[in-house]
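These notes concern the structure reproduced below.
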Amino acid sequence: MKKIVSLFMFVSLIGSGNVFAQAEFDAYKYSQLDIQGTARYSGMAGAFGALGGDISSMTTNPAGLGIYRSSEVVTTLSLSSIQTKNDWSGAKTDLGKTKFNFDNIAYVGYFPTGNYSGIKSWNVGFAYNRVKNFNRHYKMSGKQDWSVADYIADLTNIYAGGDGKYTGDNLWATQDYNPYTSYNPLSVVGYSGGFIGADDPKVVGGFYNAFSDETGLWPLNSSNLEVVEKGAIDQYDFSFATNISDVVFLGATFVLTDIDYGYRSYYDEDFGHGDYLLLDNAMSTEGNGYSFNIGAIVRPVDYLRLGIAYNSPTWYKLTDYFLADAESVIADEKITEKTPSGAFDYKLKTNDRWIFSAAGFIGQYGLISVDYELNNYKNMRLSDADGRDFNDNKFIKQDFKSVGTLRIGAEAKITPQFSIRAGGAWMSSPVSNEIKDGKVEVITAGTIPHYTVDKGTDYYTIGLGYRFTPRFYADLACVYKQYKEDVYAFSKTFINENNVDVVFVDSTPSSMKTNTTRVSLTLGYKF
């Protein structure tokens, strides 16, 4: 029943003009962060919550800034290889791309007070960090029994039952008439692009897959989806920390964040005999936000540090730009449709995070550090430019949960100048089992019916460090990330029969793994 309720709620959202509003999976996409930063931080899987002494700790536990005993400047460059592997019911595809990145540049200022106890120093830090890369290219090619036209037809019939205004005439876009401001854009592009038809264009409802006749649906020979993503999330950190008697370290960071995201998808279905449909979508997101981090590190004994930190949500103001092209050919008749270009402003509040940490030292020879990060994705919120909540927020609370990320890092000093590092991190999916198992419908934004479902992320890291002089050093790290997802060309839909939700339009997901290998180099100078 969730599907029926959500669609009726979405009808009211359409009536308010928010037809291109972002959906719950888009909120999640902008709430995820990667293990990125200096090479030492990356080589130890980001497990620096209690360790500190690295500029990248400003993004997690800013109390780590208080560990510094000198001023420092650092910069990091990286090269990433992104490989996507899809398996759609046995049909496999494999695509890759390589990307060069400028990951960070930062400064730490160390200001000792001259005290032997109490407040021994004040430290400040300023940093630019790239905390998320969206760059990847994936493709799935295969065959399933249902068409996106079936999905759009069923969706549109539900809308028709929700407000009584969905007729073919109302959905038919012309040069002088723009229905995208009043009706679900996927229904409009589907009808105007020839994907779906109506029994009577003047009567509410009665929409059907246009690739059919009185004998039934035409067989679907093949389906192909290709997606190109690009962009990043960048942070600008302004941190402040203090050292109290070399026992307690306190810190706070104010963060400014920029999002620049681009999405392009190409979807086609072939019905044979020259009949086909095409759906080409382009979407971009731009905007900025702010957040804050606070934290503490306690050193009860020389060989142990304990840390705790709170990372607030990021409050974003974002703008989306949508554009879609649809094309169909049925019995040699070609129909094309292009949506009007435009912008939509909205707000997003991401999840908040708690980080609990411990680090142990083995004399001057090495250390091991552990972070446990609790991410509360149920707290994500979407609203319009005036702050009015979207109905998707109710489903965010139902479809997402709090999950933990475990990070473990270790470092061994082979010589006073040379160190080796290794680590790992594991994050389970915050998506509900109903979504992962395909038991409920997923409502997407705008004219994009495709979406992915998170199935978990693993990181494995190694690193090297060498001090050329007491002041100048270089670190090298390699991070291997495996991100598992299910990719849907469109959502399943359901009908309630005898209080049981039964699949009405089926959709088979493709199993996808995105494997990213990133090599980073950090150069640092202490003074």
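Below, the figures for the structure above:
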read-out	value
So Tyr473, is it surrounded by fewer than 22 Cβ atoms within 10 Å (Cβ to Cβ) and assigned to a strand (DSSP E or B)	yes
Lone unmet requirement of (1) touching a Phe, Trp or Tyr at 6+ places or on another chain (Cβ under 8 Å); (2) of a type in the set (Asp, Glu); (3) over 20 Å from Ile152 (Cβ atoms) for Asp275	(3)
Strands (runs of 3 or more DSSP E) contained entirely in segment 54-159, each with at least 3 residues that are touching a residue at least 24 places away in the same chain (Cβ under 8 Å), among the hydrophobic types (A, V, I, L, M, F, W, C) and over 30 Å from Pro509 (Cβ atoms)	72-88, 91-112, 119-133
Gly161 under 27 Å from the mean Cα position of the chain (by Cα), of a type in the set (Gly, Ala, Ser) and surrounded by 14 or more Cβ atoms within 10 Å (Cβ to Cβ)	no
Among (1) closer than 30 Å to Ile448 by Cβ; (2) free of Cβ contacts under 8 Å to residues at least 60 places away in the same chain; (3) not aliphatic (A, V, I, L, M) - the single one Tyr316 does not satisfy	(2)
Filter result (of a type in the set (Phe, Trp, Tyr), crowded, with 19+ Cβ neighbours inside 10 Å and assigned to a strand (DSSP E or B)) within segment 476-494	Tyr483, Tyr488, Phe494
Any hit, segment 177-193, residues being on the phi < 0 side of the Ramachandran plot and assigned to a strand (DSSP E or B)	yes
Candidates Thr457, Thr405, Thr415, filtered to the one that is within 19 Å of Pro509 (Cβ to Cβ), at pLDDT 95 or above and not charged (D, E, K, R)	Thr457
Selected residue (only one of Val228, Val204 is β-branched (Val, Ile, Thr), assigned to a strand (DSSP E or B) and touching a residue at least 40 places away in the same chain (Cβ under 8 Å))	Val228
Qualifying position, being over 17 Å from Lys481 (Cβ atoms) and among the basic types (Lys, Arg), among Lys85, Lys120, Lys99	Lys120
Among (1) outside any helix (DSSP H, G or I); (2) of a type in the set (Gly, Ala, Ser); (3) more than 30 Å from Ile297 (Cα to Cα); (4) touching a Gly at 6+ places or on another chain (Cβ under 7 Å) - the single one Ala241 does not satisfy	(3)
Strands (runs of 3 or more DSSP E) contained in segment 267-339 and holding at least 2 residues over 27 Å from Asn178 (Cα atoms)	275-301, 304-311, 315-330
Restricting segment 223-265 to residues that are buried (at least 16 other Cβ atoms within 10 Å of the Cβ) and of a type in the set (Ser, Thr, Tyr), the residue that is nearest to Tyr310 (Cα to Cα)	Thr253
Positions within segment 300-332 being surrounded by 20 or more Cβ atoms within 10 Å (Cβ to Cβ) and either in contact with a Phe, Trp or Tyr (Cβ under 9 Å, 6 or more places away or on another chain) or among the hydroxyl-bearing types (Ser, Thr, Tyr) (or both), in sequence order	Arg305, Gly307, Ala309, Asn311, Thr314, Tyr316, Leu318, Asp320, Phe322, Ala326, Ser328, Ile330
Residue in segment 211-218 that is touching a Leu at 6+ places or on another chain (Cβ under 9 Å), surrounded by fewer than 17 Cβ atoms within 10 Å (Cβ to Cβ) and not acidic (Asp, Glu) present	no
Pair list, Cβ < 7 Å and 6+ apart or interchain, from segment 502-527 residues that are outside any loop (DSSP other than H, G, I, E, B) to residues that are crowded, with 23+ Cβ neighbours inside 10 Å and of a type in the set (Lys, Arg)	Thr522/Arg40
Any hit, segment 273-291, residues being over 29 Å from the mean Cα position of the chain (by Cα), crowded, with 17+ Cβ neighbours inside 10 Å and among the acidic types (Asp, Glu)	yes
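The values are calculated or read from the model by the stated rules, or taken from the named source; none is laboratory data. Predicted model, so just to flag it, every value in this text is computed and none were measured. Counting neighbours? That spans all protein chains shown, and the Cβs are built from the backbone with ideal geometry, glycine included.
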